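The structure appears right after this line, and notes come after that.
Just so you know, all these numbers are worked out from the coordinates, no wet-lab data involved. Bear in mind that the values here come from a model prediction, so they are computed numbers and not experimental data. Here the Cβ positions follow ideal geometry from the backbone for every residue, glycine too, while neighbour counts run over all protein chains shown.
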Amino acid sequence: MYWCFPIITFSIFIGVWCETQYPIFRQQNWILLLLIILCICFFIFNKLNKNIVLYNSFQYIKYIILGISIGITYSSIYNTFVQIPVTMLNNQRADIYAVVTEYPEIYENNQRVSLKIDVKKSNLNMKIPYFYTLAYLPLTDKEIEPADIIKTKLLFYIGSDDGGFDREEYYSGRNYHILSECAYTPTFQIQKSNSVPLFLKPKIWANNFKTILENKLQNAGFMKGLLFGDTSDLSIYIKQDFQKAGLSHVLAVSGMHIGFIVLLFLTLFGKRFGMIISCIALIFFIPMTGASPSVIRAVIMYLVSVGGFYLRRDHSLLHSLCFSLILLLAINPYSVTSLSLQLSFLATLGIIFINRPLQNLLLMPFQKFNLSKLSKKLVYTITGALSCSISACVFTSPILLLNFGYVSVASTLVNILTLGVFSILFISGLLLCVLGSVPIISGILITIINLLSNYVFYIADTTGNISGFLLYWEDTKIKALIISFYIFISLWIIFRKHFHYYVGMIISVSIIAITIYINIGIGNNKYEVKLFDDGGQTIAISSMHNKFAVIDCAGTNSQNAAESVLAYMDWYNYKEIDLLIITSLDNGHAKSIPQLIENAKIKRCILPNNYLESDIAEEVLNSLKKHNTTVVYWTETGEKNIQPQSLGINIIGGTDRKLGVKIKNGNIDLLTMHSFTPKMLNELLNSKNISCKDVILSSSFISDDKRVPEVLNMLQPNKIYIPTSFAEDNYLYNTAYRTTKKHGDFTFTTIIN
């Protein structure tokens with residue numbers, strides 16, 4: 001009966017997923033009735049049937065149906081009383097009475113803050129006492145704090161899926177089923193609370209701790225991420241290094257961090273009293289880190305284990321994991337879509353199922369050696385860290401590949417190289433928060449943190465940029481090899497008694513080595529074009545490990561195109577821009593060029609001839625001159641290929657103040673003339689040589705120019721791509737177009753042999 005509870009839990013998860021993610025389940029009540037009838041039938045059959053094999057089989061089927069029924073039923077109740085009434089506020093205005101539950105995120109024109117809305121005091125017609133919303137409020141002279149009372153008129157709305165990011169799903173997973181903004185500024189009032197509720201005090205403590213870190217450390221952004229999961233002040237380049245090195249989990253507070261806290265208190269107070277104190281500390285630690293599913297899961301599992309210890313009863317890690325999952329789904333069924341929950345539970349499942357057998361396999365070669373006690377402990381620690389890392393990676397990699405499109409095979413290596421480092425960093429950071437006012441102690445802790453942080457940054461940067469360690473799901477060869485690896489690992493675990501240790505190790509290591517080798521070859525021959533979602537034209541062209549070019553760099557007030565390009569360069573480890581093409585010296589094409597020039601070395605820049613003088617033109621030219629960039633004013637007419645040839649770029653000239661660009665390499669064939677001039681249109685219409693598979697156009701141009709149909713009729717593109725933050729996908733003169741508003745960045749890739 002050991003597997004009954006896990007099977008029911010998994011089935012509840014499936015039921016919750018179906019009810020929350022597929023509206024058809026909400027509309028078909030007969031599905032639940034059918035499941036209940038089937039469950040009753042199986043129960044009666046089991047009572048009457050005496051065949052043991054059939055009895056056990058139908059037992060498990062009964063548990064599956066029971067679990068799915070429970071999941072659907074509970075989610076349906078939750079939808080009826082919570083989710084549906086809250087989402088019905090969409091596009092409505094209401095005077096609300098709310099309590100601030102988090103410190104706000106400050107933006108240029110407003111601030112976003114989490115509010116707990118009191119339904120009764122807000123005179124809302126709901127059967128629940130409160131609900132949460134993320135509200136965009138006016139800026140205030142004094143910072144809003146948790147426990148402050150907000151009275152204002154809010155406009156409620158459901159999050160969009162602009163930019164390829166489903167905000168409705170993401171925020172529902174965080175228990176925000178509706179978003180809002182201040183609908184009428186004069187109604188906005190803040191009232192300080194007479195007392196701070198106990199559940200909000202940890203957030204104030206965490207904010208005070210963050211302030212101490214900011215005052216004491218140069219790398220405070222990293223320590224805030226490590227201690228509290230707050231990466232808002234962390235450089236995008238460090239974040240990317242951690243992603244490429246497979247260390248992102250370090251900056252998302254999870255079971256590892258809970259283990260560090262437990263280790264600290266057990267070391268200070270011993271096992272019996274340390275457990276009690278650590279339990280109290282962890283309950284307060286949950287709100288300090290934003291109460292993510294991964295933290296709640298780890299804390300629940302630890303509390304169960306402590307309860308088992310004091311009651312002198314054995315407990316199952318798998319059962320405590322299942323219990324924590326059911327509790328999280330009871331709080332918010334929509335957390336099924338939370339990546340934090342999925343990755344946390346899968347990583348723990350991997351450790352539960354394959355960590356011990358894998359470690360035993362890794363220990364086998366050392367059994368024939370007569371090792372000393374210290375050597376045995378060292379070997380056991382290293383193999384334990386290695387097996388734990390591999391176990392978690394094996395279970396979480398499918399989710400990472402499906403959601404992010406890549407996975408890092410460097411994570412296991414990095415975990416060995418940083419063995420014990422993060423535990424020292426975490427504990428040192430906590431002690432600095434508490435003992436920061438003691439000069440000698442804080443000085444020692446700051447030294448330790450700085451040294452170890454620099455070491456971690458070096459390891460992440462070095463391993464993250466090793467060629468071949470990032471596997472991308474988009475390539476069919478890599479996809480096939482990854483699937484093959486999973487099939488072999490599954491067979492090895494199932495038939496491990498028939499697999500010789502060395503044979504299994506040789507095959508698994510060989511698959512990994514072949515995958516990395518093929519991946520290096522793919523990376524060296526990969527050609528990529530990225531059209532950025534920045535509200536203007538910005539295109540990056542990369543011939544991997546060879547040459548890099550940028551076409552325009554515009555952006556808007558809220559979107560910084562230069563930062564997007566610099567982050568892209570950092571991801572692929574490009575140190576300079578070989579070619580910068582500015583198709584028009586105006587804000588729509590060159591707004592962020594000065595910042596790009598200041599932060600990246602540019603070898604050569606091509607500009608249109610007889611540009612129109614303006615402030616942005618003067619600023620760009622001065623920046624290019626200051627950094628000794630070679631500037632070419634394009635005077636040639638027609639279409640001409642330019643060097644380096646590996647970039648596959650042709651420039652289309654012949655028009656004052658404007659340039660067109662043709663990008664052709666492999667199966668990529670793009671024409672970009674972000675804003676055609678009448679003369680350019682005439683040139684195109686009179687030309688018999690210009691052709692393309694796809695076209696990049698500006699949103700203003702397609703709606704204004706009357707000659708577009710002629711151009712499209714001549715070019716016959718398969719698709720049109722439009723970098724815009726406003727227009728949705730649609731058709732233009734019977735040609736489908738796609739927008740960055742809907743999809744985010746567009747990436748075109750091909751392999752050049």
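What number, rounded to the nearest 500 deg cm²/dmol, is the helix-based mean residue ellipticity at 222 nm of the chain, given -39500 (n - 2.57) per DSSP H run of at least four residues and division by all its residues?
-17000 deg cm²/dmol
Mind jotting down the distance between the C-alpha centroids of the stretch 165-221 and the stretch 609-637, whole Å?
Computed from Cα coordinates, the inter-centre distance equals 45 Å.
Report, in whole Å, the centroid distance computed from the Cα atoms of the stretch 649-668 and the stretch 478-533.
40 Å
If the reach is capped at under 26 angstrom between alpha carbons, list the lysines near LYS603, excluding any in the same chain fewer than eight residues apart.
Candidates past the 8-residue exclusion: LYS526, LYS530, LYS547, LYS575, LYS591, LYS625, LYS626, LYS640, LYS658, LYS662, LYS664.
Can you tell me the relative contact order of the chain? Whole percent, Cα pairs under 8 Å, sequence separation 6 or more.
Dividing the mean separation by the residue count of the chain yields 9 percent.
What is the sum of charges around CYS279, taking Lys and Arg as +1, Asp and Glu as -1, for the other residues whose C-beta is under 15 Å from the C-beta of CYS279?
+2
For the chain, take N as its residue count and report Rg(C-alpha) divided by 2.2 N^0.38 Å.
In units of the 2.2 N^0.38 Å rule of thumb, it is 1.08.
What are the lysines whose alpha-carbon lies under 21 Å from the alpha-carbon of LYS192, with same-chain residues fewer than 8 places away excluded?
LYS116, LYS120, LYS121, LYS142, LYS151, LYS153, LYS201, LYS203
With +1 on each Lys and Arg Cβ and -1 on each Asp and Glu Cβ, and nothing else charged, work out how big the dipole of the stretch 526-751 is about its Cα centre, in Debye to the nearest 20.
Computed about the Cα centre, the dipole is about 600 debye.
Quick one: check the C-alpha center-to-center distance for the stretch 258-290 versus the stretch 225-243, whole angstrom.
About 24 Å separates the Cα centre of the stretch 258-290 from the one of the stretch 225-243.
How large is the dipole of the chain about the Cα centre if only Lys and Arg carry +1 and Asp and Glu carry -1, each at its Cβ, rounded to the nearest 20 debye?
In debye, rounded to 20, the chain gives about 2980.
Between LYS477 and MET505, what FRET efficiency follows from the Cβ-Cβ distance if R0 is 22 Å, with the result rounded to 0.05?
Once rounded, the FRET efficiency stands at 0.40.
Which one of ASN123, ILE178, GLY164 is farthest out on the positive end of the charge dipole of the stretch 123-188, using unit charges on Cβ (Lys, Arg +1; Asp, Glu -1) and the Cα centre as origin?
ASN123
Would you work out the charge dipole size for the stretch 517-598 about its Cα centre, treating the Cβ of every Lys and Arg as +1 and the Cβ of every Asp and Glu as -1, and quote it to the nearest 20 debye?
The calculation lands at about 240 debye.
Grab the Cα-Cα distance for ILE61 and TYR406, subtract it from 0.36 nm times how many residues apart they are, and report the gain in nm with one decimal.
Roughly 120.6 nm would be gained on extension.
Take ILE416 and LYS693, extend 7 Å from each Cα along the Cα→Cβ direction, and tell me the distance between the two endpoints in nm.
4.2 nm
Fully extended, how many nm does the chain gain between TYR731 and ILE446 (0.36 nm per residue separation, minus their Cα-Cα distance)?
96.7 nm is the gain from fully extending TYR731 to ILE446.
Could you point to the residue in GLY536, TYR733, SER437 farthest towards the positive end of the chain's charge dipole, with +1 and -1 charges on the Cβ of Lys/Arg and Asp/Glu respectively?
Looking along the dipole axis, the top candidate is SER437.
FRET efficiency for SER423 and ASP233, Cβ-Cβ distance as r, R0 = 22 Å, nearest 0.05?
Plugging the Cβ-Cβ distance into 1/(1 + (r/R0)^6) gives 0.45.
Cα to Cα, under 19 Å, and not fewer than 8 places away if on the same chain: which aspartates and glutamates meet these conditions relative to LYS377?
LYS377 reaches no qualifying aspartates and glutamates.
Taking chymotrypsin sites (Phe, Trp or Tyr not before Pro) that fall in a DSSP loop and have at most 15 other Cβ atoms within 10 Å as cut points, what is the longest piece of the chain between them?
Segment 496-725 is the longest.
Could I have the simple spin-label model distance between LEU266 and SER316, label points 7 Å from Cα toward Cβ, reported in nm to one decimal?
About 2.3 nm separates the two model spin labels.
Using a Förster radius of 56 Å, what is the FRET efficiency between ILE14 and GLN367 based on their Cβ-Cβ separation? Nearest 0.05, please.
Efficiency, from the Cβ-Cβ distance: 0.85.
In percent, what relative contact order does the stretch 202-474 have, based on Cα pairs under 8 Å that are 6 or more apart in sequence?
Relative contact order, the stretch 202-474: 25 percent.
Give me the number: length gained by fully extending ASN609 to CYS279, i.e. 0.36 nm times residue separation minus the C-alpha to C-alpha distance, one decimal in nm.
111.8 nm
Counting other beta carbons within 10 Å of each Cβ, put GLU145, GLU710 in order, fewest first.
GLU710, GLU145
Determine the relative contact order of the stretch 526-751: mean sequence separation of Cα pairs under 8 Å and six or more apart, normalised by residue count, in whole percent.
Reported relative contact order: 19 percent.
What share of the DSSP beta bridges in the chain is antiparallel, in percent to the nearest 5?
Percentage antiparallel, nearest 5: 70.
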